[in-house]
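A short write-up of the structure that comes next.
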Amino acid sequence: MRIVTATVVALALVGGAAPAATAQQPTTDGIWRMDGYGTVLSIRNGAFQEYQTTTVSCLKGNSATRTGPGTYTTADGTVLTVRAQGGGDRASMRVDGSVGDRNLIRIAELPDACTRSAPKGPLAAFDVFWQSFEENYPFFSAKGVDWHALRDQYRPKVHSKMTEDELFAVFSEMVKPLYDAHVAVQDGDRVFAQVRPGTVPPGEKLDTKVKKFIVAHDLKDARNLQDFANGRITYADLPGGQGYLRISGFGGYAGDGAPYAAQLAELDRALDTVLGQERTQRLKGLIIDLRINGGGSDALGIRIAERLTDTPYVAYSKRARNDLADPTRHTRLQPAYVTPVQGPRYTGPVAVLTGGSTVSAGESFTQALMERPGKTVRIGQPTQGVFSDVMLRKLPNGMSAWLPNEEFLTRSGRTFDGTGIPPHLTEPVFTEEEFDKQKVLRNYGGTTS
């Protein structure tokens, strides 16, 4: 699109390891309450069991099996690492691909609600659904949504003979005003979700269309055009000494279902080629195209940022809501650090292309580059405005709810949830006019130099 060509002009303007386990190390076996996240964990004899809790419910969540010292792997291949701290009454858990730890506090036993049969039926599902958002969702005030009023409006409509279709419609109507891409209602293969008004959700069909267009128009005079990481990463050398790096997501690099370690290894192989010694020395500017980016692992974004600096810095700090009644109370801030890699690094001017289809980990990566020492400019449209990991909450009737409970903060304490990260330079992104008339290089004099 023409924004790639304009970016070249803008670029010219902006010109430690864990300690070894010992026999005295406290055990992680036992019952743990997570600080925030509405979760209790049972870890016993190599078995890991999650319980999703509210003040009115306790339902079994994910389970995992011990696959190494302190590590547990779920059925979908997610690796959880649990480490005891202090005298054994505290621990931490890290989810592969996420950033930051989740703090655990040892408790004597499971809550009573976890040891008895959960109520079933539409009304029980409604109460767990409403309570899960009430206790965890941080953004009702920012969105201008009165969640209590919605309960008063919809709960009287729920009855024992209500069909799944009717209840699904109620839940969908309740969350629709949030316009939050990290909020969804799921019933089997059926999912209701909303993006910010005026934006388009990323998807394989849109990504294929855009990539084909970019290659045919913006990259027609490029050299060394290559795809990496299962097609999720594209690189090309542009005329004038600029580089173009397109990232359509932060996952799927090693195929569906591959563990995080395999994704990371595939990313490193791509970056070793893209940002090798010879290229990092001659590049005059780097365009990073995130305009269609469906998100994924925040940690993979940090990995790329580590190739783009010589100076350590804090990308952002992360916190989760942790008070059942007060949405202004949070866990302690956890900084996400960018530490320069050993080996070739590119530290020159960077232009980041963003739009409303830049989502989740695509946004946290954009935020990480905001704090990057050096010349960095953002061009395009605001990102989608969703940053948190997604909580999956099971409901007693078999449906599920997805919701965020975290904030990613800048050094000044600002978050971009809802509004998205704004560009420095505003440009149209993938408008129908651009597709139909193929207005790209001609709008900028037909040159990328």
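Rule-based calculations on the coordinates, nothing more; no lab input. A quick note: this is a predicted structure, and the numbers were derived from the prediction, not measured. Backbone-built Cβ (ideal geometry, glycine too); neighbour counts: all protein chains shown.
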What translational D, rounded to a whole number of µm²/s, comes out for region 30-115 from Stokes-Einstein when the hydrodynamic radius is the Kirkwood one over Cα pairs, at 20 °C and 1.002 mPa s? 164
Sort largest first and round to whole Å: the equivalent ellipsoid semi-axes of the chain, each the square root of five times a Cα gyration tensor eigenvalue. 40, 28, 18
Could you sort 381-394, 306-319, 68-81 so that the peptide with the highest average Cβ count within 10 Å comes first and the rest follow in order? 381-394, 306-319, 68-81
What list of ³J(HN,Hα) values in whole Hz, one per residue of region 75-82 in order, does the Karplus curve 6.51 cos²θ - 1.76 cosθ + 1.60 (θ = phi - 60°) give from phi, with Gly and Pro shown as x? 4, 8, x, 5, 9, 10, 10, 10
Of the peptides 119-129, 337-347, how do they stack up when ordered by the mean number of other Cβ atoms within 10 Å, highest first? 119-129, 337-347
Whole-Hz ³J(HN,Hα) for each residue in region 381-392, computed from phi via Karplus 6.51 cos²θ - 1.76 cosθ + 1.60 with θ = phi - 60°, x for glycine and proline: what do you get? 10, x, 5, 5, x, 9, 10, 4, 4, 9, 7, 9
Projected onto the charge dipole of the chain (unit charges on the beta-carbon of Lys, Arg, Asp and Glu, signs +1, +1, -1, -1), the Cα from ALA325, ALA113, MET399 with the largest positive-side position is that of ALA325
Listed by chain and number, the residues whose amide H is under 5 Å from that of SER297, excluding neighbours fewer than 5 places away on the same chain and using placed H, are PHE250, GLY251
Using alpha carbon centers only, region 177-241 is separated from region 30-99 by a whole-angstrom value of 33
Sequence gap at least 6, Cα distance under 8 Å: using those rules, report the relative contact order of region 122-193 to the nearest whole percent. 30
Considering amide H positions built from the backbone, and no H for Pro or chain starts, which residues 5 or more places from ALA315, or on another chain, come under 5 Å of its amide H? ALA336, TYR337, VAL338
Checked region 122-193 with the C-alpha gyration tensor, a ≥ b ≥ c its square-rooted eigenvalues, rounded below a/c of 1.5, otherwise prolate if a/b is larger than b/c and oblate if not; verdict oblate
Residues with amide H under 5 Å of THR358's amide H, sequence separation 5 or more or different chain, H placed in the peptide plane at 1.01 Å from N; which? ASN293, GLN384
Flagged links, alpha-carbon separation over 25 Å, of LYS60/LYS120; LYS176/LYS212; LYS211/LYS318; LYS220/LYS284; LYS220/LYS375; LYS143/LYS205: LYS176/LYS212; LYS211/LYS318; LYS220/LYS375; LYS143/LYS205
What are the ³J(HN,Hα) couplings of region 260-266, residue after residue, when phi is run through the Karplus curve with 6.51, -1.76, 1.60 and θ = phi - 60°? Round to Hz, x for glycine and proline. 4, 4, 6, 4, 5, 5, 5
Near LYS205, within a Cβ-to-Cβ distance under 12 Å, what is the net charge of the other residues, with Lys and Arg +1 and Asp and Glu -1? +1
